[in-house]
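The values are calculated or read from the model by the stated rules, or taken from the named source; none is laboratory data. Keep in mind the model is a prediction, meaning the values are calculated, not measured. Backbone-built Cβ (ideal geometry, glycine too); neighbour counts: all protein chains shown.
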Amino acid sequence: MQSTCNFDQSLFDLIARNLDRHEITLLDHRERTHAAVAFTLVDCSEPANLANIPFLEETRQEAAYILTTRAPRLSSHAGQRAYPGGRIDPGETVEQAALRELEEEVGLKLDSSSVLGRLDDYATRSGYVITPVVVWGGSNVELTPNPGEVDLIHRIPLKELMRDDAPILETIDESEHPVLKMPLGDEWFAAPSAAIAYQFREVALLGRSTRVAHYEQPYFAWK
């Protein structure tokens, strides 16, 4: 993979090719709420707003993905790291739902041609099956948080996914499976969002057939 993760046609082609080769795992969502999230690729034209992620002039053309901090007044998972997403409405495909939520949460309106593919379904402890949709967001896009749902929007450089200390696996007393976390500057974020980011790295960037459904979420996210 290109070491600089430039936001260009070669990155587009790499991700599209690797996702096309990936045989996605679908989960039964009849006993859970089916939701879609948009793992969206943009450029680093704005700071990430997170500790110890440098923003330099020469990084503006590097690739990034959109991560949000959820609004503090939400009834569930307030303040947690997440991708734009939500429940799939009746009659919607997962791709349509992901694009709708992307527009509603961060103001980025795209059509179906921006969809590069999907990652595996992930079942959460809080009763959802999440389908991640990988989206090419474009360059120099303006992102505006919906204050009812999003507190902050972060553009996280893709090179953060490639760090030597990623992923972080943590044992917890409540489960036989380790919690998966991904480093984020001086911070970290956990599954399910971290599991999606890790599988994107493995499948879309490195071309490895890697599954993540078995990784656990931290106990605070079980409710």
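With respect to GLY137, is the statement that it is touching a residue at least 40 places away in the same chain (Cβ under 8 Å) and assigned to a loop (DSSP other than H, G, I, E, B) true? Criteria not met by GLY137. None of ILE88, ILE130 is under 17 Å from LEU27 (Cα atoms), crowded, with 19+ Cβ neighbours inside 10 Å, touching a strand residue (DSSP E or B) at 6+ places or on another chain (Cβ under 8 Å) and without any contact (Cβ under 8 Å) to a residue 60 or more places away in the chain except ILE88. Within segment 140-175, being among the β-branched types (Val, Ile, Thr), surrounded by 13 or more Cβ atoms within 10 Å (Cβ to Cβ) and in a loop (DSSP other than H, G, I, E, B) holds for VAL141, ILE172.
Scan segment 121-130 and give yes if some residue there is within 13 Å of ALA36 (Cβ to Cβ), among the aliphatic types (A, V, I, L, M) and in a helix (DSSP H, G or I), otherwise no. Looking for residues that are within 13 Å of ALA36 (Cβ to Cβ), among the aliphatic types (A, V, I, L, M) and in a helix (DSSP H, G or I), one finds none in segment 121-130, hence no. Taking (1) touching a Pro at 6+ places or on another chain (Cβ under 9 Å); (2) over 25 Å from GLU216 (Cβ atoms) in turn, ALA98 satisfies each apart from (2).
Pairs linking a residue in segment 176-189 that is free of Cβ contacts under 8 Å to residues at least 60 places away in the same chain and assigned to a loop (DSSP other than H, G, I, E, B) to a residue that is surrounded by 15 or more Cβ atoms within 10 Å (Cβ to Cβ) and not hydrophobic (A, V, I, L, M, F, W, C), with Cβ atoms under 8 Å and 6 or more positions apart or on different chains, are HIS177/TYR215; HIS177/GLU216; PRO178/TYR215; PRO178/GLU216. Where strands (runs of 3 or more DSSP E) fall entirely within segment 1-112, those with at least 2 residues that are at pLDDT 95 or above and under 16 Å from GLU142 (Cα atoms) are at 33-43, 63-70.
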